[in-house]
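The values are calculated or read from the model by the stated rules, or taken from the named source; none is laboratory data. Being a predicted model, the structure only gives us computed values, none of them experimental. Virtual Cβ from ideal backbone geometry, glycine too; neighbours counted across all protein chains shown. The area values use the complete protein model at the heavy-atom level, side chains included, leaving out ligands, DNA and RNA. Shrake-Rupley method; radii C 1.70, N 1.55, O 1.52, S 1.80 Å.
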Amino acid sequence: MQTITTISELREQLSAARNAGRRIGLVPTMGNLHQGHLRLVEAAVENADFVVASIFVNPLQFGPQEDLERYPRTLAEDQAQLRAFGCNLLFAPSEAEIYPHGRVGQTFVEVPGISDLYCGSSRPGHFRGVTTIVNKLFNLIQPDVAVFGRKDYQQLHVIRRMVEDLSMPVELIGVGTERASNGLALSSRNGYLSESELAVAPTLYATLNQLADALRSGSSDYPALIEQAQSQLEEAGFMRDYIHILRRSDMLAANPDDRQLVIIAAAYLGAARLIDNIELDL
Ligand code: PAF
């Protein structure tokens, strides 16, 4: 597996792969890879015959007070893991290569409405940053298939909308969340947690499971169920951000007669903001 940093090298490598008739798969990441990312690479290997991973800590998707500077950068370890999992090419560009006109001068892509809700409300501009970089990567790599984690549920929904709205010729695959044995969803940001916070962190998923069980057993007072879940998280040591019960189809507030639901949550624990979700069919 070769690592390249420039757009010209990328184009060269990709035209060779394309001319050889290979189906190109893309796994976009910000690096600091864990088992969750490696499942995405596995899915790409199963669905394509030339797999490109990208590692780029995208400044446009971080707010001014967020963790851009201290986001973990572990290129050598990431390269070794990608190689071991059958990735063919790693694209790890600099910021100047990706945003030659700077962060402010960059043309952007934004999916309206949904980008401002939930994580988009807590992190203004975040999804605009995500759709801008993903659009750019799609233009550069022109993948036949691109793989994303379903842990970032809203992100995948927003990217699906972008692909649909702009008629992008790419198939999207969403891969289920990889969890530690205690239920904690794997995330690069778990590295911000102290040992005692790591012991508390699985409460987020446990609380969502309890909420899902209550819905399955017929409770339909959503505001009361959400408030109970929020209090439980606060008692465990989290600070609240949001919990929502949504329809899966459009990620808007579910009514009691909706059947295909997703519960999404975000909560602060120490220096980390954790997100998680559960899909359920009633
Ligand atoms: O999910 C991520 O790691 C990032 O948001 C992505 C999709 C690589 C865009 O920077």
Query raised in the report: Spin-label point model (7 Å from Cα, Cβ direction): what's the Gln106 to Arg11 distance in nm?
Result: 2.0 nm
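Of all accessible surface on the range 214-282 at a 1.4 Å probe, what whole percent is carbon and sulfur? Kindly include the intermediate steps, with their values, before the conclusion.
Values: 1570 of 3250 Å².
Carbon and sulfur atoms account for 48 percent of the accessible area of the range 214-282.
Would you mind telling me the share, in percent, of accessible area of the range 60-123 contributed by carbon and sulfur at probe 1.4 angstrom? Can you show the working numbers first?
Numbers: 1870 of 3500 Å².
Using a 1.4 Å probe with all protein chains present, the range 60-123 comes out at 53 percent carbon and sulfur.
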Query raised in the report: Which of these, Gly149, Gly113, Gly174, has the largest mean-square fluctuation under a Gaussian network model of the chain (Cα springs below 10 Å)?
Result: Gly113
Query raised in the report: Of Asn32, Asn182, Asn135, which is the most mobile in a GNM of the chain whose springs link Cα atoms less than 10 angstrom apart?
Result: Asn182
Query - Candidates Glu195, Glu234, Glu171: whichever shows maximal mean-square fluctuation once the chain is modelled as a Gaussian network with Cα springs under 10 Å - result: Glu195
Query raised in the report: So for the pair Glu77, Tyr242, with labels modelled 7 Å out along Cα→Cβ, what separation do we get in nm?
Result: 3.2 nm
**Report entry** Amide H contacts of Phe238 (H built 1.01 Å from N, under 5 Å, at least 5 apart or other chain)
**Finding:** none
**Report entry** Largest to smallest accessible area among Met251, Met168, Met1 [probe 1.4 Å]
**Finding:** Met1, Met168, Met251
Query raised in the report: Using the heavy atoms of the protein chains alone and a 1.4 angstrom probe, what is the accessible area of the chain per residue in square angstrom?
Result: 45 Å²
